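Throughout, read-outs are computed from the coordinates displayed, never taken from laboratory work. Keep in mind that this is a model prediction, so the values were computed, not measured. Every residue, glycine among them, receives a Cβ derived from its backbone with ideal geometry; neighbour counts consider all protein chains shown.
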Amino acid sequence: MAITKQHLIPLFAISFLLFFQLHCSTTSAQAPAQSPAPPGPPDVTKILQKAGQYSVFVRLLKSTQVSDRLIGELKDTDDGKTIFAPTDKAFSALKSGALNSLNDEQRVQLVLFHVIPSYIPLSQFQTVSNPMRTQAGDSGDGEFPLNVTTSGNTVVLKTGLTKTSVSDTIYTDGQLAVYRVDQVLQPLQVFAARSSALAPAPGMSRKAADVDGKSKASSLAMQNLALFVVSVIAFALSL
Ligand SMILES: *[C@@H]1O[C@H](CO)[C@@H](O)[C@H](O)[C@H]1NC(C)=O
């Protein structure tokens, strides 16, 4: 039996859980030595609600449960987070229906594409190596690459579909940084895949022909079956 991706995923999940448990037990073993617990991690949705003009992004953070996940992750790791928050205007500039046509998984990917798994102060973007890893996943070609370039005080973000820059610092505390962006960062994996799925691919006509051939074959099979049934009935009646 070949080991397929389906087999590897549970294996990976189990090893991840084991690792996580080990990690947790070591950190909790160290816990008593630490000074009194600091106040809870900041809640990104509260920060954005207070800042105003981020209601669409807040809604997405909540409906995808990424906001809860962020609170948990901020508590569990010291790396911190960096979040690029698109304004409501940025969302309304998307093609109409673009957001609604995404499935649940794509919504999560879109939100996580705006989350960097480390705290990056504004002055540190020039040291970041491209493509930068986001929490949406693989930063490889056609997946979730996000490039950062700086010129003077400007931090420019490029996804292959979107080019925009950080236009404001909404929040920063040494662990979490939330920056304003005036365009939604569109990951290639989510938005490019969709537009190419709409356009007929070069190999399409042959595939369509295959499907056509298959349906012809199956209608032939149906005819044979019908003939068989009719002859059985005829035979039964003749008895
Ligand atoms: C991002 O940077 C990498 C490495 O410099 C480059 O190969 C890639 O083409 C860039 N992509 C975009 C969208 O700028």
Name the aspartates and glutamates eligible as straight-distance cross-link partners of K75: C-alpha to C-alpha under 16 Å, and not fewer than 8 places from it in the same chain. D43, D173
Taking θ = phi - 60°, what integer Hz values does the Karplus form 6.51 cos²θ - 1.76 cosθ + 1.60 yield along the stretch 72-81, in sequence order, with x for Gly and Pro? x, 5, 5, 6, 8, 10, 9, 6, x, 9
From the phi of every residue in the stretch 49-60, what ³J(HN,Hα) in whole Hz does the Karplus formula 6.51 cos²θ - 1.76 cosθ + 1.60 yield, where θ is phi - 60° and glycine or proline is x? 5, 5, 6, x, 6, 10, 5, 5, 5, 4, 4, 5
Scalar couplings 3J(HN,Hα) for the stretch 40-47 by Karplus 6.51 cos²θ - 1.76 cosθ + 1.60 (θ = phi - 60°), nearest whole Hz, x for Gly and Pro, are x, x, x, 9, 4, 5, 5, 4
Using the basic label-point model (7 angstrom from Cα toward the beta carbon), what is the D88 to T172 distance in nanometres? 2.7 nm
Enumerate the amide H contacts of A136 below 5 Å, restricted to partners 5 or more residues apart or on another chain; note that Pro and chain-start residues carry no placed amide H. F113, V115
Tell me which residues come under 5 Å, amide H to amide H, from I170 once H is placed; ignore anything under 5 positions away on its chain. V178, Y179, R180
Estimated dipole of the stretch 50-151 in Debye, rounded to 20 [Cβ of Lys and Arg +1, of Asp and Glu -1, Cα centre]: 480 debye
Could you list the residues of the stretch 71-88 with an amide nitrogen less than 18 Å from a label point located 7 Å from the Cα of Q65 in the Cα-to-C-beta direction? 71-76
Amide H neighbours of T150 under 5 Å, at least 5 residues apart or on other chains, H built in the peptide plane: list them. V156
Just report the Cα centroid separation between the stretch 146-190 and the stretch 98-140, whole Å. 9 Å
